[in-house]
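Presented below is the structure to which this report refers.
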2 protein chains.
Amino acid sequence: MTVTGRALTEEEVGRRIEEMRRRPRRFRDERITMAHGAGGKASRALIEGLVVPLLDNPALDHNTLSALGDAATLTVHGARLAFTTDAFVVSPLTFPGGSIGDLAVNGTVNDLAVSGARPLALSLAMILEEGLSAEVLEQQVRAVADAAAAAGVPVATGDTKVVERGKCDGMYLTTAGLGLTRPDASLAPDRVRPGDKVLVSGTIGDHGVAIMLARGNLDLEAEVRSDTRSLWPVVEALLDTCGPAVRCLRDATRGGVATVLNEIAVAAEVGVVVAESRLPVRPEVTGACEILGIDPLYVANEGKLVAFVAPDAADAALEAMRRAPGGEDAALIGEVREEPPGRVLGKTAFGGHRIIDVLVGDPLPRIC
Amino acid sequence: MTVTGRALTEEEVGRRIEEMRRRPRRFRDERITMAHGAGGKASRALIEGLVVPLLDNPALDHNTLSALGDAATLTVHGARLAFTTDAFVVSPLTFPGGSIGDLAVNGTVNDLAVSGARPLALSLAMILEEGLSAEVLEQQVRAVADAAAAAGVPVATGDTKVVERGKCDGMYLTTAGLGLTRPDASLAPDRVRPGDKVLVSGTIGDHGVAIMLARGNLDLEAEVRSDTRSLWPVVEALLDTCGPAVRCLRDATRGGVATVLNEIAVAAEVGVVVAESRLPVRPEVTGACEILGIDPLYVANEGKLVAFVAPDAADAALEAMRRAPGGEDAALIGEVREEPPGRVLGKTAFGGHRIIDVLVGDPLPRIC
C-alpha cells in the first residue's frame with residue numbers, strides 16, 4: 001500500500017490520467033474478438049500490445065505498425081517511397097455506391113494519399129471461397145480495375161488463393177500500395193500546433209450507414225451511398241495550394257472522424273475542439289444515426305480526410321478542397337488548442353462542451 | 001464444315017497443338033473450385049482468362065499479373081523496384097520446419113529474390129477469426145518477426161481485420177514486398193537459350209510432404225521438415241559469381257519444379273530435358289510420394305529455386321549455390337534444347353523419355 005503525505009491536486013490527477021491514456025496499451029485478452037478489428041481501443045491494444053513489440057524495426061524512416069491508417073516511408077535512391085497495406089473483409093460484397101473491389105483500391109490509395117504520396121502501383125491478393133460464382137468474381141475484379149483506372153494507378157502484381165467452402169465469406173481482398181511522396185509534403189501528427197484549423201473533405205458517416213442499410217436489418221427507406229473514392233485529387237489540391245502549411249492528413253475510416261481526432265490529439269499532445277454544428281452530415285445519415293443511437297462522428301468513411309492546416313492557410317485550404325473532385329462539401333469543423341492535451345471536445349449547439357472519446361466497442365464489424 | 005485438301009503432316013499437327021498450348025486460357029467455369037488456387041492449369045485459366053484481361057496495364061515495365069510467381073518492376077528515380085504480393089492460407093498453421101508466419105515472409109521475399117531484387121520492406125495484413133487464441137496469434141507474429149529478421153527485411157506496415165467465427169480458418173496472412181533490383185540482374189524467361197543448364201538449389205518436395213504429414217491423414221512415421229527459408233543468399237551468390245550469365249530464376253512453390261519448368265518452356269519457346277536420376281530428393285520424401293502415388297516434381301517447395309544458367313557458367317553457378325546458406329544440396333538437373341518447343345521431357349533412369357506436363361488437378365490444397 002502506498003501512502004502519500006497529501007492529496008493530489010486536480011491538476012496532478014489530470015496529468016496522471018493523461019499519462020495513462022498515452023501509455024502503450026497492453027494486450028491481455030485470451031482470444032480475438034470482433035472489437036480487435038474495429039479500429040478502436042481494442043485494436044490499439046492488439047497492435048501496440050502484441051504486434052508492435054515483436055515487429056517494430058528502427059531501420060525504417062517511418063514505421064507505421066503503430067500508427068494505424070497511414071503509410072510507412074523509406075528512401076531509395078533519393079526517392080521517398082510510401083508503402084502501405086489493407087485487408088478488406090466487408091460484408092456484403094456490394095452496397096450502394098461501391099463494393100469490396102472499390103474499397104480495396106481506394107482504401108490503399110487513400111492511405112498513400114494522406115501521407116502525401118502519389119500512388120504508383122498496387123498489388124492485389126485475393127482469397128476466394130470454393131463455390132464463389134465466377135460472375136461475382138468477375139464483377140469485383142472489374143470493380144478493382146475501374147477504381148484503379150479512376151485513381152490513375154496500375155494493379156501491378158497479384159495472387160489468388162482458394163479456401164474450402166465455409167472458410168471465407170465469398171472473397172477477401174488485400175491490397176498493398178506503393179507511392180512517391182511529394183517533396184513538399186511534410187505530414188505528421190507532431191507538426192500539429194495549437195491554433196491550427198481542422199477541416200474535413202466532405203460529409204461524414206456515408207460509408208458506414210450505407211453498409212448498415214445494405215445489410216437490410218434496418219427498417220429504413222433512405223438511400224445512402226458509400227463515399228468510396230480516391231482522395232488523391234483532394235490531397236494534391238491541398239498541397240499545391242498550401243504546401244507545408246498542411247500539417248497532417250488522415251483518412252477517417254474505421255472509427256470515423258472521432259477516432260482520427262483522438263489519435264492526433266494524443267500524438268501531438270494538443271486539445272481539439274470541434275464545433276458540432278459545422279459537421280457536414282447528410283440528413284439521411286443523421287436520420288439513420290438517430291434511429292440507431294450512434295454518432296456520425298464514429299461512423300466509417302471511405303473517401304473523406306481530416307486535414308490539420310496552419311491558421312493562415314485555412315481559408316485557401318478550404319477553397320482548394322472544395323474545387324477538387326471529392327472535396328465539394330469540405331468544411332472547417334474546429335481548431336487545435338493547448339488544452340486539454342490529448343482530448344477532443346465537441347462544442348454543442350447549445351454552447352456546452354462534451355468529451356469525444358475513442359471508440360470502445362465495435363458498432364459495426366466488417367465495415368471495410 | 002471445313003474441308004482441307006490434304007491431311008496435316010505430323011509436324012503441322014505438332015505445331016497446331018503447341019499453338020493451342022501457348023494460347024491464353026479462357027475462363028469458362030461457373031464457380032470457383034479448389035483447383036483455381038492450386039497453381040496449375042485451372043489457376044492459369046483464371047488468371048489469364050479473367051484477371052489479366054481486366055487488370056492488365058501497359059504502363060508498367062513488367063507487369064506480373066500474368067506471370068505467376070515473380071515480381072512486377074517499376075523504375076522510380078532511376079531505381080529499379082520490384083513489387084510483389086502473396087496470400088497465405090496454409091492448413092495447419094504450424095508444421096515441422098515452419099508455420100504460416102514463416103511462409104508469409106519467405107514466400108514474398110523469394111518472389112523478390114528470384115527477380116534479382118534485394119528485399120527492402122514487407123507489409124503484413126492479417127485476417128483473424130473471432131475466437132482465435134491470442135497465444136496462437138502471438139506465436140505467428142513472432143514467426144513473422146523471426147523470419148523477417150533472418151531474411152534481413154523489416155515489416156514496415158500492417159493491417160488487421162477480424163471476421164466472425166467460421167468465416168476464416170484461424171488466420172490468413174497476406175504480405176507484399178518491395179525490393180531493389182540489382183543492376184546486374186537481367187532475369188527473364190525470354191533470355192533462356194538452347195544449351196542453357198538447369199539447376200535446382202536443393203532437395204525438392206520437402207514443403208508439400210511436410211504439410212501432408214502434418215495433416216495427419218497419412219499412416220507414415222517419416223519426419224519431413226518444410227524447407228521454408230529466404231532464397232536471397234542463394235540468389236546473391238549466383239549473381240555475384242555469374243552476373244548476367246544467370247538467365248532466369250523461379251522459386252518452385254505451388255505446382256512444384258514441374259510447373260516452373262513448363263512455364264519457362266512455354267514462355268521461352270524451348271524444350272527442357274531433365275535427367276530424373278539427378279533430381280535431389282530426400283529418401284523420406286521419395287517414400288511418402290511413392291505411397292501417395294505422386295511425383296515429387298509436382299510437390300510444392302518454399303525455399304527452392306530453379307536456375308537457368310548459360311552453359312559456360314553452370315559449374316561456377318553450382319559451386320556458388322552450394323556455398324550459400326540454403327543451397328548446400330544444389331544440383332544440375334537438366335538442360336535447355338530447341339526441341340520440342342514448349343515441352344518438358346524427363347529422361348528416365350532406363351534411358352527413355354516421358355512428357356512432364358503442367359499440373360491439372362489439385363493434389364494438395366492450401367499448401368501455402
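The values are calculated or read from the model by the stated rules, or taken from the named source; none is laboratory data. Keep in mind that what you see is a predicted model, and the values were worked out from it rather than measured. Please note: Cβ atoms are built from the backbone with ideal geometry, for glycine as well, and neighbour counts cover all protein chains shown. For accessibility, only protein heavy atoms count, side chains too; no ligands or nucleic acids. Shrake-Rupley method; radii C 1.70, N 1.55, O 1.52, S 1.80 Å.
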- prompt: Any chance segment A:207-224 includes a residue that's β-branched (V, I, T), under 18 Å from the mean Cα position of the chain (by Cα), over 18 Å from A:V144 (Cα atoms) and not in a loop (DSSP other than H, G, I, E, B)?
  reply: yes
Those residues of segment B:72-101 which are in a strand (DSSP E or B), under 15 Å from B:A125 (Cα atoms) and not charged (D, E, K, R), in sequence order: B:T84, B:T85, B:A87, B:F88
query: Only one of (1) within 26 Å of A:N301 (Cβ to Cβ); (2) modelled with pLDDT under 65; (3) within 9 Å of chain B (Cβ to nearest Cβ); (4) over 19 Å from the mean Cα position of the chain (by Cα) is not met by A:I32, so which one is it?
result: (2)
field: Condition met for B:L178 (crowded, with 21+ Cβ neighbours inside 10 Å and touching a residue at least 24 places away in the same chain (Cβ under 8 Å))
entry: yes
- prompt: Within segment A:35-72, which residues are modelled with pLDDT under 75 and at the interface with chain B (Cβ under 7 Å from one of its Cβ atoms)?
  reply: A:N57, A:A59, A:L60, A:N63, A:T64, A:L65
query: Could you list, in sequence order, the residues of segment B:226-246 that are polar (S, T, N, Q) and more than 16 Å from B:A71 (Cβ to Cβ)?
result: B:S226, B:T228, B:T241
query: Name the pairs: first residue in segment B:73-93 and closer than 17 Å to B:A176 by Cα and within 8 Å of another protein chain (Cβ to nearest Cβ), second residue assigned to a strand (DSSP E or B) and among the aromatic types (F, W, Y), Cβ to Cβ under 9 Å, at least 6 apart or on different chains?
result: B:L74/B:F83; B:A87/A:Y172; B:A87/B:Y172; B:F88/B:Y172; B:V89/B:Y172
statement: Flagged in segment A:225-273 as under 16 Å from A:V299 (Cβ atoms) and either among the aromatic types (F, W, Y) or part of a loop (DSSP other than H, G, I, E, B) (or both), in numbering order, are A:R225, A:S226, A:D227, A:T228, A:A252, A:T253, A:R254, A:G255
- line: Residues of segment B:181-206 being open to solvent by 30 Å² or more (accessible area, probe 1.4 Å) and part of a strand (DSSP E or B), in sequence order, are B:K197
message: Given the criteria open to solvent by 20 Å² or more (accessible area, probe 1.4 Å), touching a strand residue (DSSP E or B) at 6+ places or on another chain (Cβ under 9 Å), at pLDDT 95 or above and over 24 Å from B:L359 (Cα atoms), does B:R247 qualify?
response: yes
- prompt: Which of the residues belonging to segment A:101-118 are under 25 Å from A:L137 (Cα atoms), within 12 Å of chain B (Cβ to nearest Cβ) and in contact with a helix residue (DSSP H, G or I) (Cβ under 9 Å, 6 or more places away or on another chain)?
  reply: A:G101, A:L103, A:A104, A:V105
query: Considering only segment A:72-98, how many residues are over 20 Å from A:G158 (Cβ atoms), surrounded by fewer than 24 Cβ atoms within 10 Å (Cβ to Cβ) and aliphatic (A, V, I, L, M)?
result: 3
message: Can you find, within segment B:1-28, the residue that is surrounded by the most Cβ atoms within 10 Å (Cβ to Cβ) among those that are touching a helix residue (DSSP H, G or I) at 6+ places or on another chain (Cβ under 6 Å) and modelled with pLDDT of 65 or more?
response: B:F27
field: Within segment B:99-136, tally of residues that are surrounded by fewer than 24 Cβ atoms within 10 Å (Cβ to Cβ) and either more than 22 Å from the chain's Cα centre (by Cα) or free of Cβ contacts under 8 Å to residues at least 12 places away in the same chain (or both)
entry: 8
task: Answer yes or no: is there a residue in segment A:255-278 that is closer than 22 Å to A:S230 by Cα, buried (at least 18 other Cβ atoms within 10 Å of the Cβ) and among the acidic types (D, E).
output: no
- prompt: Do we have any residue at all in segment B:135-144 that's more than 7 Å from chain A (Cβ to nearest Cβ) and touching a Phe, Trp or Tyr at 6+ places or on another chain (Cβ under 8 Å)?
  reply: no
- line: Going through segment B:148-175 in order, the residues found to be within 30 Å of B:H77 (Cα to Cα), open to solvent by 10 Å² or more (accessible area, probe 1.4 Å) and either small (G, A, S) or in a helix (DSSP H, G or I) (or both) are B:A149, B:A150, B:A151, B:G152, B:G158
- line: Flagged in segment B:207-231 as surrounded by 24 or more Cβ atoms within 10 Å (Cβ to Cβ) and of a type in the set (D, E, K, R), in numbering order, are B:D227, B:R229
field: Unmet requirement for A:D295, which otherwise passes all of (1) at pLDDT below 95; (2) under 15 Å from the mean Cα position of the chain (by Cα)
entry: (2)
field: Some residue of segment B:194-211 being within 12 Å of chain A (Cβ to nearest Cβ) and in contact (Cβ under 8 Å) with a residue 40 or more places away in the chain
entry: no
statement: Within segment B:145-178, the residues that are closer than 21 Å to A:T160 by Cα and more than 7 Å from chain A (Cβ to nearest Cβ) are B:G170, B:M171, B:L173, B:T175, B:G177
field: Failed item in (1) at pLDDT 95 or above; (2) not in a loop (DSSP other than H, G, I, E, B); (3) not acidic (D, E), with A:P280 passing the rest
entry: (2)
